[in-house]
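All remarks here apply to the structure that follows.
Bear in mind that the values in this text are calculations on the coordinates, not laboratory data. Predicted, not measured: the structure shown is a model, and the values here were computed from it. Neighbour counts are summed over all protein chains in view; Cβ atoms, including those assigned to glycine, are modelled from backbone coordinates with ideal geometry.
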Amino acid sequence: MDNASVVTFFRLSGLNYRMQHRIILFVLTLLCYSVIWIVNVVVIITISVDQKLHEPMYIFLCNLCINGLYGTAGFYPKFLMDLLSTTHVISYAGCLLQSFVIYSSIGSDLSILAVMAYDRYVAICHPLMYHSVMTTQRISLLVAFSWLLPLLCMFTNTMTIFQSKLCSSHIPKLYCSNILIDKLACAASIANTSIAYVNITIYLVHFFFLLWSYICLVRTCLTSQQGRKKFMQTCIPHLVSLFSFAFAVLFDLMYTRFGSKMSSQGLRNFMAIKMFLIPPVLNPLVYGLTLTKIRSRVLGFIQERKENVETK
């Protein structure tokens with residue numbers, strides 16, 4: 001029997017608040033989503049229109065901001081609608097799509113951070129080879145890798161779950177998750193488990209590459225004053241982004257593992273949405289405030305607009 005004939009929609013839990021509280025939460029959430037769009041779009045446009053910023057590090061940063069908008073688009077619109085609704089349901093196809101967007105975005109975040117670490121490794125550890133290594137072709141390949149690999153991983157995972165027969169329609173979370181959908185299966189699937197472990201292995205490789213690259217960077221910086229200067233200017237923002245991402249993923253994993261055992265609904269909800277609160281706001285702000293070229297270009301644009309308004 002086709003699983004769509006058994007489960008046609010899912011019930012999401014977590015919004016057991018009174019309407020007046022949900023309205024306040026709606027306003028705050030809408031404000032947060034607006035800030036996410038503003039800060040990310042400012043960085044994206046700044047990098048896109050300024051030829052001086054068409055360098056590998058800024059190109060990868062632009063993709064990190066685009067991915068932030070992509071991932072949050074999988075969560076905020078549905079969450080905002082749920083805040084104003086008395087029933088929190090999502091269609092079967094919509095649930096799979098939401099999970100695909102959210103978790104492919106998480107995978108892409110890690111891939112882009114790994115690519116950025118590789119860029120910093122070449123720039124600091126092998127500065128004389130940088131321009132010969134980071135060619136336009138290689139940059140294009142790295143950008144394609146950081147997008148296509150997560151999409152492929154999540155597509156295969158979603159397709160294996162789509163083949164499963166589900167015996168329940170309740171998801172104890174504010175949004176859909178392939179891991180939680182898989183737990184609703186009537187029987188365990190070897191294919192689902194195998195694909196999940198393959199995906200985990202791929203991103204463990206990402207993690208160990210990040211660890212190795214920063215060990216090399218620290219070693220180089222200890223012996224080079226110029227390397228230390230580059231590290232402080234360009235690697236510190238990357239480390240901030242990496243740690244914020246790691247904590248957000250850790251909270252998501254803790255929710256999946258221990259969420260049902262927590263008595264506080266507010267704590268469960270915070271752990272569920274931390275991924276959509278911290279990294280999408282922190283990444284453009286940290287890079288925008290820390291990297292001199294971006295900060296100068298944004299401040300220059302603001303000053304130009306101010307002068308234009310005053311002259312009118």
Once you order the gyration tensor axes a ≥ b ≥ c over the Cα atoms, which shape class does segment 1-70 get: rounded for a/c under 1.5, otherwise prolate or oblate by comparing a/b with b/c? oblate
In nanometres, the difference between 0.36 nm per residue of separation and the alpha-carbon distance of Arg228 and Leu69 is 54.0 nm
How much length would be gained if the chain were fully extended between Glu55 and Leu250, taking 0.36 nm per residue of separation minus their Cα-Cα distance, in nm to one decimal? 67.0 nm
Using a 7 Å offset from the Cα along the Cα-to-Cβ direction at both Val240 and Leu204, what is the distance between the two label points in nm, to one decimal? 3.2 nm
Only loop residues by DSSP count here, and only those with at most 11 other Cβ atoms within 10 Å; note down the trypsin sites (Lys or Arg not before Pro) in segment 1-103 that meet that. Arg18
Ordered by residue, what ³J(HN,Hα) values in Hz, to whole numbers, does segment 60-67 give under the Karplus form 6.51 cos²θ - 1.76 cosθ + 1.60, where θ = phi - 60° and Gly and Pro are x? 5, 4, 4, 5, 5, 5, 4, 5
Label-point separation (nm) for Thr193 and Ser34, each offset 7 Å from Cα along Cα-to-Cβ? 5.0 nm
How much net charge surrounds Leu25 when only other residues with a Cβ under 11 Å from its Cβ are counted (Lys, Arg +1; Asp, Glu -1)? +1
Contour minus Cα-Cα distance for Ser85 and Thr136 (0.36 nm per residue): 13.5 nm
When the Cα atoms of the chain are enclosed in a convex hull and the volume is divided per residue, what value in Å³ results? 160 Å³
Cysteines without a disulfide-compatible partner [the chain; Cβ-Cβ under 4.7 Å]: Cys32, Cys62, Cys65, Cys125, Cys153, Cys216, Cys221, Cys235
Estimated dipole of the chain in Debye, rounded to 20 [Cβ of Lys and Arg +1, of Asp and Glu -1, Cα centre]: 560 debye
Could you give the nm distance between label points at Leu25 and Cys167, where each point is 7 Å from its Cα heading toward the beta carbon? 3.1 nm
Over the chain, the sum of -39500 (n - 2.57) across DSSP H runs of at least four, divided by residue number and rounded to 500 deg cm²/dmol, gives at 222 nm -26000 deg cm²/dmol
